[in-house]
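So the structure is just underneath, and the comments pick up after that.
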Amino acid sequence: MNKRISSLAIFIGLVAACAFGGETESQTGSVQGVVFTSDADGGRSVVPGTKVFLDGPDARETEADAAGKYMFNALPPGSYNLKAQAPHMTATQMVVVTAGTALEALLEMKK
């Protein structure tokens with residue numbers, strides 16, 4: 001009888017750990033995108049090495065990679081100010097992070 005109760009308690013504990021572990025992941029979101037400039041002919045050029053800042057319920061900073069891509073993961077939900085800075089160029093955008101989603105935010109740099 002005690003062995004059966006112990007096995008049941010372990011099973012319930014494992015199920016609860018899995019359930020609560022899944023909830024933690026879905027309580028955050030992410031923001032990702034590309035930093036670029038628009039050419040006179042309508043084409044786009046990426047801006048690698050751009051500093052990208054995120055300010056809101058959480059504050060973060062990253063740098064765009066060689067392809068102009070940036071990413072912020074595990075963000076608490078809420079409104080954020082997204083800002084990109086490179087020499088003589090800047091871009092800003094307001095974004096809203098929702099739990100369990102990945103937001104795509106393209107940042108067009110202007111002089």
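Name the residues whose placed amide hydrogens come within less than 5 Å of the amide hydrogen of Thr50, ignoring near sequence neighbours (fewer than 5 apart) on the same chain.
Ala64
With Cβ to Cβ distances under 11 Å as the rule, what net charge do the other residues near Asp55 carry (K, R +1; D, E -1)? Walk me through the numbers on the way to the answer.
Working: positive: Arg60, Lys83; negative: Asp58, Glu61.
So the environment of Asp55 carries a net charge of 0.
I want to check the label-to-label distance for Gln85 and Glu104. Put each point 7 Å from Cα in the C-beta direction and report it in nm to one decimal.
Those two pseudo-labels are separated by 2.9 nm.
Per the 1.4 Å probe, what fraction of the accessible area of the stretch 21-111, in percent, lies on carbon and sulfur atoms? Provide the component values of the computation, followed by the final result.
Values: 2670 of 5160 Å².
Its accessible area is 52 percent carbon and sulfur atoms.
Taking R0 as 25 Å, what's the FRET efficiency between Ser26 and Thr92 from their Cβ-Cβ distance, rounded to 0.05?
Values: r = 29 Å, r/R0 = 1.15.
Calculated value: 0.30.
Multiply the residue separation of Ala67 and Ser38 by 0.36 nm, subtract the distance between their alpha-carbon atoms, and state the gained length in nm to one decimal. Provide the component values of the computation, followed by the final result.
Values: separation 29, 0.36 × 29 = 10.44 nm, distance 1.51 nm.
Using 0.36 nm per residue and subtracting the Cα-Cα distance, I get 8.9 nm.
The values are calculated or read from the model by the stated rules, or taken from the named source; none is laboratory data. All figures in this text were calculated on a predicted structure; none of them were measured in a lab. FYI the Cβ positions are ideal-geometry reconstructions off the backbone, even for glycines, and counts take in every protein chain you see. In case anyone asks, the SASA skips ligands and DNA or RNA and just uses the protein heavy atoms, side chains included. Shrake-Rupley method; radii C 1.70, N 1.55, O 1.52, S 1.80 Å.
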